[in-house]
Structures are given as structure tokens and as C-alpha cells.
1. Go through the range B:24-37 residue by residue and tally those that are outside any loop (DSSP other than H, G, I, E, B) and within 11 Å of another protein chain (Cβ to nearest Cβ).
2. For A:R302, only one of the following conditions fails: (1) closer than 24 Å to A:L243 by Cα; (2) touching a strand residue (DSSP E or B) at 6+ places or on another chain (Cβ under 6 Å). What is its number?
3. Consider A:Q391 carefully, then state whether it is free of Cβ contacts under 8 Å to residues at least 12 places away in the same chain and touching a strand residue (DSSP E or B) at 6+ places or on another chain (Cβ under 9 Å).
4. If you check A:G220 against the conditions, is it on the phi > 0 side of the Ramachandran plot, outside any helix (DSSP H, G or I) and open to solvent by less than 30 Å² (accessible area, probe 1.4 Å)?
5. Need at least 3 residues that are out of contact with any His (no Cβ under 7 Å at 6 or more places or on another chain) and within 16 Å of ligand 1 (Cβ to nearest atom) per element, so show me which strands (runs of 3 or more DSSP E) inside the range A:252-356 make the cut, counting only ones lying wholly within it.
6. (1) more than 8 Å from chain A (Cβ to nearest Cβ); (2) hydroxyl-bearing (S, T, Y); (3) surrounded by 12 or more Cβ atoms within 10 Å (Cβ to Cβ): which one isn't true of B:Y40, the others all being true?
7. Could you go through the range B:63-74 and let me know if any residue there is open to solvent by 40 Å² or more (accessible area, probe 1.4 Å), more than 16 Å from ligand 2 (Cβ to nearest atom) and more than 9 Å from chain A (Cβ to nearest Cβ).
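The values are calculated or read from the model by the stated rules, or taken from the named source; none is laboratory data. Quantities reported herein were computed from a predicted structural model and do not represent experimental measurements. We place every Cβ from the backbone using ideal geometry, glycine too, and count neighbours over all the protein chains shown. For accessibility, only protein heavy atoms count, side chains too; no ligands or nucleic acids. Shrake-Rupley method; radii C 1.70, N 1.55, O 1.52, S 1.80 Å.
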Amino acid sequence: MSTTRLPPHPAHVIDHEQTLTFSFAGERIQARAGDTIASALYAAGRRTFSRSFKYHRPRGLLCGAGQCPNCLMNVDGTPSVRACTEPVRQGMRVQPQNAWPSLRYDLLSIIDRFDWLLPIGFYYKTFIRPRFFWPLAEKFLRRAAGLGEINTQAKPKGGYDHEYRYTDITVVGGGPAGLTAAHEAANLGCQVTLIDDQPKLGGHLRFQTGTYDNIGEQSGLTGFALARSLRERVTSQPNIDVLSSATVFGGYEGGLLGVMQAKRLIHLRTQRVIIATGSHEYPAVFTNNDLPGVMLGSGVRRLLHLYGVQPGTRAVVVCHDDTGWTLADELLDSGIRVAAVVDSRYRLPDAPDSVEQLQRSGVEVLTSYAIQAARGTNHVEGALVVPLDAQRNPFPHASRFIPCDLICLSTDRTPTAALVAQSGGELVYDATLGQTLPQQLPPQVFCAGDVTGIHLLPATLVQGRLAGLRAAHSLRASETSASSHIQTLQHECEALEQEYRRHYEPYPQLGHAWTSKKQFVCVCEDITHKDLAQGVAEGFDEVETLKRYSTFSMGPCQGRMCATSSARICARYAGAELATRATTARPPVTPVPLGVLAGRKHQPEKHTPLHHRHIALGAEMMLLGSWKRPYAYTTPSEEHQAVRERVGIIDVSTLGKLEVKGKDAARLLDKVYTHTFSTLRVGRIRYGVMCDDSGIIIDDGTVSRLADDHFFLTTTTGNVEFVEQWLKWWMAGTDLCAHVTNMTGGLAAMNIAGPKARQVFSQLTDTDLSSEAFSYMACRRATVAGAPALLLRIGFVGETGWEIHVPAECGEQVWDAIMAAGAGFQIIPFGVGAQRILRLEKKHVIVGQDTDALSNPLEADMEWVVKFNKDDFIGKRGLQAIQERGPRHKLVGFALRDSGMAEGGQAVVVNGQPAGRVASAAFSPTAGKCVGLAWVPVEVASGTSPFQIRINGTDAQADVIDDAFYDPQGERLRS
Amino acid sequence: MSFLLACPNCGERSVYEFRSGGEFRQRPPASVSSHEWARYLYLRKNEAGETTEWWYHQLGCRSWFLAVRDTRTNLVKETYEHD
Ligand code: FES
Ligand SMILES: [Zn+2]
């Protein structure tokens, strides 16, 4: 089949002069610039666009607007792209999906004949017995089901991004209602964001070539000309932001809209939202209503008027209002034969001229008729139509066959109202219009246009103005002239709506349950009228349960094509008095690629003020939490040796640093630490552990008293944010008066340590560094290499040393000065690798590494930091309870008896049974063997029973070591 | 969750800027029974309705305040500094 293009027309969006080529299933297809994949394929004579989900039936173009599931294809490796909205790009590769070996001959279409295997709810019923059969069946089903295939080898393409926007009023939908609303609101000075999912504003007017009356000064314009005029008015208003080709996929609390524009996710905060999302047609239920060649009227119009593609050669138009008549006119104008117009109305209201005109053109006009079936094997070959009686019931024996290759359905439409429900409105069934319509809108939400159920342009335009005025007025109530204007429009609007309702006659529901022929309700999930009737008979007689049982409305179109029919069918068989309600439409309304939600791929990392020095020194960097730290500059063992024998320097800027200042600073610290700090003398440092109220360790660090009311705290790397919040939390609402300031980013810190540290460091400061003047656990302010510094004499690595805190901007200067002063002593920088060995040799615990969410200080070998004799502190009660019940296990130092290397996480084995775990371990050059920390049972901790560590399946003998492996008396530390 | 929360210092901001600190509870005096203490440690009301809870304005003024929020609708009735 090949289709000719229509001659150029001003409504067309394609460029007739410019051709593009792409490939479809390996074949070259010619397109015109502006074509979508679907319009180009259609023009090239393709009619089958996909195979259906369950039965693998051929499916053709249905909606042409990205609403239905029929044209999902793989485009350049991305599965399930909607071909009817995806523009053609030169050289793109398009593949059909869900068909094997090809769209034309899909072997799995055999399932269509064995549909008894897949009754409604089949996954609860079929293939369950015999049991052995299920694994086979499952394999087959998994292969046969599903949509598209993800190429797991493909590299993510990236390019995703997030954007945050704020606006006064958001108008969703760029059709006549939305355009009018945006214009009106912007006129009152509001910042308006207008979002439309099409590349060009104008909505359905873009593909209307008929003229409109009764629309004021614009009367007499054709649809597409009116679209242009409305569009130009809006784009010339500077306070309207237009987002085209963008979809609002969800409405969330706080006026947040999720908007997807290509690969961008826009978080749009809006004060008011005007929902002008319009409506969409969905197929009537009749036999073979899924056959390629059955198309929605709006889809036909799009092909005709946007892409200049002949949708068929001989058409039957099925309708229930005048839209079908104008469509017939337009088809005739485009040189397409119209075999018949099938109108379900009993009596036509007016416009007999057009009837006559059509008849003169050879169109058979059948009123009070409906469609019963489409005929054809792989494509429509004719329509079976049936007359209706006054009660809208068919006379089946009077049905007639009309040959045709195109069936246009202008039968049912439903508001695109998911956003209404998500924005807090209700959707209530309206019996006159046969649709679920927005009701009880919250004060910040407004609706206009087809979404209100009124498909009538004069009404739409008034509704749009009204919504725009109201939204703006609710934001800027000072504009008093607006309120009388609102009243006038309100009356005008109501009159038009009433008129519309009076003439409205929904298309009759004809499908029936006793046929073996397939009448599809849900084309996504291949669910028929019969399936739903049976589901109700099986007891799922409420629309939400029927949905879950049958899976209708759970396909790619998310119920756009089936929710209303299903609800009506459910009501019909459940005998409900049309208590029809729609199932809940949760976000996302349209499929959102995970990449869009994830956004740009980035991993933030923190650099210390000395970062560039490490890089210049060629350090091997590692990521610790979000910090980049040097692991080693040479090797950990070499660096270890240098610190033990000479002097080393390490960047410890990643330590959390807090200042606590105020008259109650000491009281606050007494409350949150297990230790006492009010007794700490100015100029002294004390180690502190923080617990939560159950006695679990949450942080540790040093506390230095700089003045009576001024303390300097260090916290575990990465935990400072938490500690800051923790301190503030325990202060909130109490009489404690203190300030907590996070200094982490503002200070560079380094630790110079080793037997020669004093000789090196004393070259850089006037401060007396002798042990008598500056003893272990003392702190002083000093000037170091010209920089103001805070010096803490502590020894995490077990050597004479100072922790030096200077303003971040002085970090490099001080580092360089130390390196220069140490050159004669062969100072070397050391990294985290060496530090781990050094601290393990001193049995120093790292909170968060050696402890976990169940560790308390009593069991972690820190009884000495818990001062039960002080007043209440956070964790006291919990720790008392732990003390009463006695320890269950303990953190101890251990050494392996023989050679071998343990590592964190390995099992501690007692009497052949796992009984604990290794927390940290390293090879100690000092001890000449592997040493570490491990959680062991109490009897092991007291040294009364031996234990092993399971290393790669074999148990290595280990001994508990009570004292530090290195300098157990701390003489070197204090010297 | 995308509701707006009014920080008593900074005004109305997106909830993304805040960290939730959970239900507001009074820490019992040390003298209560173990049973009471265990309730304090491990039990939460988890009300479907109005709840007073702690919030911390992490990406703002970095202070704690209380908010009365309906957990069913995420509507925040009031926010205030604890005193
Ligand atoms: S037709 Fe798409 S979910 Fe039912
Ligand atoms: Zn704040």
C-alpha cells in the first residue's frame, strides 16, 4: 500500500521541499522535514505499527497524538518511544518491538487463537497446575510479554538535567482554553508559565480547517488561523514563559508540578494552576475495534492537516455529534471518498444543508446507526453498521456491511483530567455527558476547556478567559474591576454550557459479553469487553478491584484509552446505578524515563584546603565518605616507619570542627557527652564520647577548652553535620545558652607527629613547645609560619605531635613551611593507609568503623569516659541499664599468633562457632604481625578462652592483647 | 513529599531544605520506670492526623523548630520555635 501526500496547505507542519531518510526495520523510509516517525511510515504505506501485548495482534495508528499504546517503537536503542509524536531525524534507526520475527509475520500471534489460555486474571489461574509446567510456562510468558527491550550493554547517553522554576500561574495545555487563560492572566500582571506537550501551541485548532462562528471578533477564521492568532498574542506577552514539547506528568503538594521537557525534569512551583489539558477521544467498543485502519477522528485530522498524509481511500465516519460531519467534509476536501457517515443520534438537530451537501457528494448518511464490527484480516476491509431503536439498542439482524479501508471514530471523548485529581480536585461522573468531570476544585486550581466536558469552542474561549481572570484575581485581589467582569463571563459561560448539555447525546455502549469475537476495551493490556464482564461475574464488581484483577488501565497509556469504557462496563454488569467513578490516576501521567528522574550524573566530593598539595605530590587519593583523602604518597609501611622513627605530617582537615561558645557551653557539653567538661581547665583537652539515649555511641572526638565559655570540638570525619544538629537539638527549647558554629570548611588542619616533630615545628613558632610548657593534652593559640593557629597536643598516632588548625586560606602556606622546616629531618607526608596502622598499634578506636549502631562505650573498652557520678546526661539511663545487665561482648585488641592477615568483617571463632567479628586489622611493623580490634565474647575478652579468626575458610589462632602494641605506657606520646 | 514549610526564621520554603527530626516528645525524667523509659526510646505515636514534630532548616538558618502537620494531607497548620 502506498499513500500519496496531499498538496501543501498552510496548516501543514511539514516542509514539502525538504526530505529526510531514516531506517525502519532495516528498510529506508523517506520522510519530509517536520514528519513524525508515524506520519512518515504512514505516508510510506505502512499500516501495522506494533503487535499487541498479549495476543500479538497487529495494531495500527490510532490516536496520532501520543495517547495510545499502538505505535511504541525502539528508536536508536531507546525502547517504547511513541512514533506518532517523535520527530524524524535524518539517519535515525527505528525498530518495531514486541514482534518476532517481524511486524508482518509475528509468530506469537498464534496466541490470538489460543486465547482461552489467557482468560482474565490468567496469572492467578492458568499454568498453575501441573506444577512442573510452571517454570516452562513462565519462561515463555516472560519472553512473550513485556514491552520493548532494554539494551543492558548500552552506555547511558546522559544529558539529563533538573531545573527549578517558580511562577505565579501555570497554565497546563496550549490549546484555545490555555492560550486564552494565559493571555488574560498575563494581562493582569501575573507571571505565567504556559506548558504544552506539542511542539507548537494551538491544541486541536492546529488541525482544524473548518471555520468557526460565534466566537466574537475572531468569527469566520479557520481553526488553524485562529490557533496562529492566539499563539501570536501569547508569545508577544513578555510575562508569559512558554514551555513547548513539555509534559506535566504529576501534580504534587505545595503547588509543585513535575514537568518533563525532553531530557529535562523541571520542578515547577506555582501558586495557581489552570488545567486546560483538553480531552481526548478513545475508541468505541465493537468487534475488531483494534484492527489497523480503525482510527480516532482526531488522529485522522492530524494526518490530514498537519502532515498532509492521506489516511485512507474510502472512509466510514462514526460519530455522535457534528464533529463527525465536519470530518467528513474535510476528508472529501482532501480527495478521500467517504462511504458513509454513521451518526448515533436519533434525530439531527439542524444543519440539514451539510447533510444534503454530503449526500450530493455520494456519502451515505445513516442516522440512528452505530458500528457493530470492523471486518478485515490485517487491515480494515469494511464496517458492519447497525440501526438503533429509540432506546439506543441495536437491531442486530438489520446490520449492513460497508466496504472501506478507514474507519474514523468520533465517538467518545474523555477529559484529560489526571492532573485535576492530583491537584486535589474530585472527578465525578456526569451522566449527561457520560464522562468523569472535575468537581470541587481547591481554591488554587482552575479548569477551562474540554477538560470540563464541554467540547465547544465558544464555551472554551469564555472558560479560558474566566479561568485566567479568576486565577489572577485570586493572587491580586486589588484589581476590583476584574470581579464584575468575572460575573459577566460566568453567566455567559453557564448559558453556553447549558445549551451544549441540552443537545448532547453520548455514543451508545453496544459491546456485549456473549460474543467470542474480540471487542477491545483496553488495547494496552489486550482486555476485552467479555473479560471485564467475566471479572465482574467472578466478584470483582468494583472498578478499583476489577482494575487490579484484570489490569485494565495499567498499560502504557495509563487508562487514557480505556478508563472511561471500563468504568461504564463495570457499572453496567455490576448493576450499579451508574455510580461510575474513575480509577485513581497517580503520577506519572505519562511514562518518565528513569534518567530524567535521576538527572545529571554527578558525584559531589569535598576537597580539603591542601588538596592541590597532595595532587602535586602524586598522592594516591581515595574517597572517604564524600571527602577525597590521600591514601598514601609512597607506601603505608614506608610512611609508618618515617613517623615512628623521624617525623611525618598528615592532612586532617576532614575532621569535623565545631566551636561551642556561650555562658552555658560547658553545661551543654556535660549534657551531650558522657564525660564531664565543666571541670576541664582552660588550655586543656579531653577526649569525649557522645551517646544517644539508649547508650549507643554516636560520635567521639576531642574537646578543647579555649576559655571559660568557649570550647573547640572535633568530630568524626563526615559526622559533623549530625553532631551540629544534635547539639542544637538538645539546646532547643531549654534554657541552655550557647552558640554552635560549624568551622569544618573554614579551617585547615594537619597533624605533625614523630620523635623529631618538636625540632621541626619549633622552627615555625615562638610558642614554647617543651613538654613542661606544652604538655600532652594541652591546647594553645599560637602563630605558626605567620598564620594564626590553634595547636592541640594530642597523639592519635602515638607519637609526640600537634594538631594544627589554621584558617583554610593559610593551609598551604603552613604545610609548605612545615615541609621546608622538616626537610633536614627527612619529613614525609603520610596518608590514611599509614594512619590506620599507626592508630591500630595504639589500639585507638575509630567510631563508625570499629563501632556500629549497636555499640556502647562500656563494651567498646571505653568505660573510663562514662561518668555515672555526674548529673543526668544523654545516654546515662541506657548505659546504666547496660551496666546492670553486664557486657555481652567486648571490643579488644588482638594479634595473630602466626603469620597471616586478618581484615575487618571476618568472623571471630570460638569452639568452632562464629562468635564475633574483626573490626579492623593491619600488619604492624612494630609487632611484626597482624594486629587489630575485634568484637569478642566476654569470656574471650577476659583472656579465659582462646579464639580464632576465620581467614578464607581456615581458622587462625589469635590472642587478646590488653595493652597497646606500641608504647603501652604512652611515654613517647608525652615526651 | 513536596509541601512547603514555613521556617520561623526564613519563611516558607520547600521541604527539601529541611530535615525532619521526628515526633516531638518530652524526654522523661531519669526517675521513670524502665517500662516508661523503653516507651520513650522505642515507641512513636505515628499518628494519622495532626502531629507536632521537629524540623531542622538544614539548607537555611540551621535551626530547629516545631511544626504541626497533618500526616494525612501534609498540610502544615503552624510552625514555631520551641520555648
Ligand atoms: S488502553 Fe491503555 S491502559 Fe487500557
Ligand atoms: Zn530557616
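1. The total comes to 3.
2. So the condition that A:R302 fails would be (2).
3. no
4. no
5. By residue number, A:279-282, A:294-296.
6. (1)
7. Among the residues of the range B:63-74, at least one is open to solvent by 40 Å² or more (accessible area, probe 1.4 Å), more than 16 Å from ligand 2 (Cβ to nearest atom) and more than 9 Å from chain A (Cβ to nearest Cβ), which makes the answer yes.
For every residue, the table says whether it meets (1) surrounded by fewer than 17 Cβ atoms within 10 Å (Cβ to Cβ); (2) within 16 Å of ligand 1 (Cβ to nearest atom); (3) β-branched (V, I, T).
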site	(1), (2), (3)
A:D450	no, no, no
A:P458	no, no, no
A:A472	no, no, no
A:Q509	no, no, no
A:V521	no, yes, yes
A:T528	no, yes, yes
A:L532	no, yes, no
A:G539	yes, no, no
A:F552	no, yes, no
